[in-house]
1. Just to verify a number: FRET efficiency for residue 267 and residue 34, C-beta to C-beta distance, R0 = 30 Å, to 0.05?
2. Using amide H atoms built in the peptide plane, which far-off residues or other-chain residues are under 5 Å from residue 157 H to H?
3. Ratio of segment 113-173's C-alpha Rg to 2.2 N^0.38 Å, to two decimals?
4. Quick check on my link table: of 151/252; 71/170; 71/128; 13/275, which ones sit more than 29 Å apart, alpha carbon to alpha carbon?
5. Search the structure for amide H atoms under 5 Å from the amide H of residue 61, placed 1.01 Å from N in the peptide plane, and list their residues when 5 or more places away or on another chain.
6. Work out, in µm²/s and without decimals, the Stokes-Einstein translational diffusion coefficient of the chain at 4 °C, 1.567 mPa s, Rh from Kirkwood over C-alpha pairs.
7. Put a dot 7 Å past each Cα toward the Cβ at residue 141 and residue 99; how far apart are the dots in nm?
8. If r is the Cβ-Cβ distance from residue 193 to residue 213 and R0 is 30 Å, what FRET efficiency results, to the nearest 0.05?
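What follows is calculated from the coordinates using simple rules that are stated; it is not laboratory data. Quick caveat, the model's predicted, so the values are computed rather than measured. Quick reminder, even Gly has a Cβ in these numbers, built from the backbone with ideal geometry, and neighbours come from all protein chains shown.
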Amino acid sequence: MKIGFIGLGVMGKNMAENILENGYELNVYDVVEELVEQFARKGASVCKSPSEVASKSDVIMTSLPNSQIVKNVILGKNGVLQGAKSDAIIIDLSSITPKTIQYIAKEAEKSGVEVVDAPVSGGSIGAKNGTLTIMAGGKKEVVDSVSDILKSIGKTIYYVGSVGSGDTVKLVNNLLLGANMAAVSEALVLGIKAGMDPDILFQVISKSSGNSYALTSKYEKFIKERNFNPGFMVDLQYKDLQLAIDTAKDLKIPLVIGNLTQQLYEMARSEGMGKEDISALVKVYEKWL
């Protein structure tokens, strides 16, 4: 089976490498020529447009920054649908709004192309190690038909429902991650300001009711070590919170904590921390105190 991969950024590069290492023929495209050349040296076929990738592939995978870019790459000029075969499958690994991928799926259906939304969780480390959690939405039989491909990039794969369901689960998950990281930052700084040893705070809370993934994954390797290399960038967390906020607006649902949390990440971005790990949010609180 020939696989096309579009988007060779931090996440996409690692996922594409795992697909190549699992023995699939790989056709790649990215706007950054240097990234494409790296894959050419590894044996991948280099394409000049998303359309060319699609014309040479049975399954086309995209890992891109936002909803508009995904829409343009798939539906736009020289886009995936212009080159895709009638029985092709598009797997979008990006984190975008459910309504965007649902619209793309309706347009693709006119050309006989199936769409699966399969956003991932696990960050750049999970992408490199092939241990991502994948939330797949689409027709069950279509998701089943690409399960081996998904297993080459992920350890845990959930079928969560129709097209758009994957992105819905992802935005809910990342809303919680963003809010939990903000709460961890605020709580740790409060305890330290009150005179507590942060290691003692971590030891106790990580075994108590205040524990969270944000605490256990971000304290020892990031906050304690003052290592704010991403991980998962503040800019990306901000973007994912916007997905939740936009979806809530469409559904006419208030998102009080979500909106407040996004403002905290906006503050981190204004302090020049956009490319740092989300644990850098603690530095915003430290500056205040």
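1. Working from the Cβ atoms, E equals 0.35.
2. Excluding prolines and chain starts, which carry no amide H, the hits are 134.
3. Ratio of Cα Rg to 2.2 N^0.38 Å: 1.03.
4. Violating the 29 Å limit, Cα to Cα: 151/252.
5. Long-range HN contacts for residue 61: 4, 5, 6, 91.
6. The diffusion coefficient I find is 66 µm²/s.
7. It works out to 3.1 nm between the two label points.
8. 0.80
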